[in-house]
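Report on one structure; see the data block that follows.
The values are calculated or read from the model by the stated rules, or taken from the named source; none is laboratory data. Note that the coordinates shown come from a computational prediction; the quantities given were computed from them, not determined experimentally. Methodologically, a virtual Cβ is constructed for each residue, glycine included, from the backbone with ideal geometry; neighbour enumeration extends over all protein chains shown. With ligands, DNA and RNA removed, areas are computed over all heavy atoms of the protein, side chains included. Shrake-Rupley method; radii C 1.70, N 1.55, O 1.52, S 1.80 Å.
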Amino acid sequence: MAIQYLKRGKPEADRAQDDANTRAVVEGTLADIEARGDAAVRDLSRKFDGFERGSFRLSASEIEAAMQKVSARDMEDIRFAQTQIRRFAEAQRATMTDLEIETLPGIILGHRNIPVQSVGCYVPGGKFPMVASAHMSVLTAQVAGVPRIVAAAPPVKGEPHPAIVAAMHMGGAHEIYVLGGIQAVGAMALGTETIDPVHMLVGPGNAFVAEAKRQLFGRVGIDLFAGPTETMVIADGTVDAELCATDLLGQAEHGYNSPACLITNSRKLAEDTLAEVDRLLAILPTAETAAISWRDYGEVILCDSHDEMLQVANDMAYEHVQVMTDRDDWYLENMASYGALFLGPRTNVANGDKVIGTNHTLPTRKAGRYTGGLWVGKFLKTHSYQKVLTDEAAAMMGEYGSRLCMLEGFVGHAEQCNVRVRRYGGRNVPYGAAAGTPEVE
């Protein structure tokens, strides 16, 4: 039996047209921000968020006032989540050590892990105020030692969202702006009269935010392409349809274009899950969004075997992959392309999104083939250095370097090596010639 699609999403051609429309909007908007600065940002905020104020940056007193609106229970929950995320980020940071090694007598090579010097953290807040995204970006940047952390989130109901502001502040943000969408990431990356530009942009967002980051890449660094949420459930007959349908719809509610896919080798589970999705959509409060997402981007794929399921999953390279089978650790060992794995029926993507400690900013649209998710290491740059401590080492390395430069025709390069051979090795190498055979092999 070949791989069967019991349900398919929107055709690729339609998705490509959506992408083209998004690209055009973002390109024009970023050009406007670059040309008009604060005036463009103000116009865009008024247009898209219905929000305007003298300065989009919150003052210390405004931050304090916003935090006073957060209930004690919510503050306790935010602290708990940040403790878990900090604990894992600190453990990850500890694995990244500086290095120095003497590779040959007198030759010292090394590297240092240096924090990015300024980061812009975007926290989505349109349909849902993504409080957790503040922990994932701001707090992780703080653990990495970033000296300037800028955070931005759109207004919610005409004002800064208190819990997002609290999470940003508690996570270590140095500047907090009430800005959303393209205008937020554009202002942070390009700079305006009142906002100094950053060196790197991080954080998830809708298709427009993801495209803005893509277009800004090169001007600034980015963490990864984190567009609309994707979720995949890999399941066999060891679990039931309620778990599968709940895990699919739990992420499909993110937006109208959030792919959700079930891969299974059980026809019964596949058919039962399709029916269970319909049942849940009749009672889910966010069904208006989830139903459209499931209709346009939901897929159910029936495979013959676990090997076939693994192949399909690796080819699709989804962001969240929930594995509920009789061989979860086998998938952990063999999955190569994904954002994050959630292994076994006791775990779930929502815990990863909000509180368990791993980072929820993850690669989408097959980016998991070449990058993992946001983590403390994304905020660190590994820079190498070299030292030559002895005359003998300088002359020996210069002789090898001279000949290899001449092999490529780089006479000026070779002379950089030759001058060291003359000075530290006491040998006269004519200008434009390669150094002779070294005495040290």
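For segment 4-23, the set of residues classified as within 23 Å of the chain's Cα centre (by Cα) and among the aliphatic types (A, V, I, L, M) consists of A16, A20, listed by residue number. Across segment 376-394, the number of residues qualifying as open to solvent by 80 Å² or more (accessible area, probe 1.4 Å) and either within 30 Å of A313 (Cα to Cα) or aliphatic (A, V, I, L, M) (or both) comes to 1.
Exactly one residue among T390, T382, T371 is within 30 Å of P259 (Cα to Cα) and polar (S, T, N, Q), and that residue is T371. Cβ-Cβ distances below 7 Å connect the following pairs, each with a first residue in segment 29-54 that is surrounded by fewer than 15 Cβ atoms within 10 Å (Cβ to Cβ), a second residue that is among the basic types (K, R), and a separation of six or more residues or different chains: E52/R42; E52/R46. The selection criterion, being assigned to a helix (DSSP H, G or I) and either among the small types (G, A, S) or buried (at least 22 other Cβ atoms within 10 Å of the Cβ) (or both), holds for V185. Scanning segment 87-106 for any residue that is open to solvent by less than 30 Å² (accessible area, probe 1.4 Å), farther than 29 Å from M130 by Cβ and either hydrophobic (A, V, I, L, M, F, W, C) or out of contact with any Cys (no Cβ under 8 Å at 6 or more places or on another chain) (or both) turns up at least one such residue. The set of residues from segment 395-428 being under 20 Å from G106 (Cβ atoms) and crowded, with 19+ Cβ neighbours inside 10 Å comprises A395, M396, M397, G398, E399, G401, S402, C417, N418, R420, V421, G425. Scanning for something surrounded by fewer than 16 Cβ atoms within 10 Å (Cβ to Cβ), part of a helix (DSSP H, G or I) and either touching a Gly at 6+ places or on another chain (Cβ under 6 Å) or at pLDDT below 95 (or both), does segment 330-346 turn up at least one residue? Scanning segment 330-346 turns up no residue that is surrounded by fewer than 16 Cβ atoms within 10 Å (Cβ to Cβ), part of a helix (DSSP H, G or I) and either touching a Gly at 6+ places or on another chain (Cβ under 6 Å) or at pLDDT below 95 (or both).
Considering (1) open to solvent by less than 10 Å² (accessible area, probe 1.4 Å); (2) assigned to a helix (DSSP H, G or I), the lone condition that Q311 does not fulfil carries the number (1).
For segment 206-223, indicate whether the set of residues that are over 27 Å from D18 (Cβ atoms) and of a type in the set (A, V, I, L, M) is non-empty. Among the residues of segment 206-223, not one is over 27 Å from D18 (Cβ atoms) and of a type in the set (A, V, I, L, M), which makes the answer no. Scanning segment 107-132 for residues that are outside any strand (DSSP E or B) and open to solvent by less than 50 Å² (accessible area, probe 1.4 Å) gives V116, V123, P124, G125, M130, V131, A132.
Residues of segment 238-263 being in a loop (DSSP other than H, G, I, E, B), free of Cβ contacts under 8 Å to residues at least 40 places away in the same chain and under 14 Å from E299 (Cβ atoms), which ones? Matches in segment 238-263: S258 only. Checked against (1) within 18 Å of the chain's Cα centre (by Cα); (2) part of a helix (DSSP H, G or I), R403 passes all but condition (1).
The set of residues from segment 264-284 being under 12 Å from V300 (Cβ atoms) and either aromatic (F, W, Y) or surrounded by fewer than 16 Cβ atoms within 10 Å (Cβ to Cβ) (or both) comprises R267, E271, A275.
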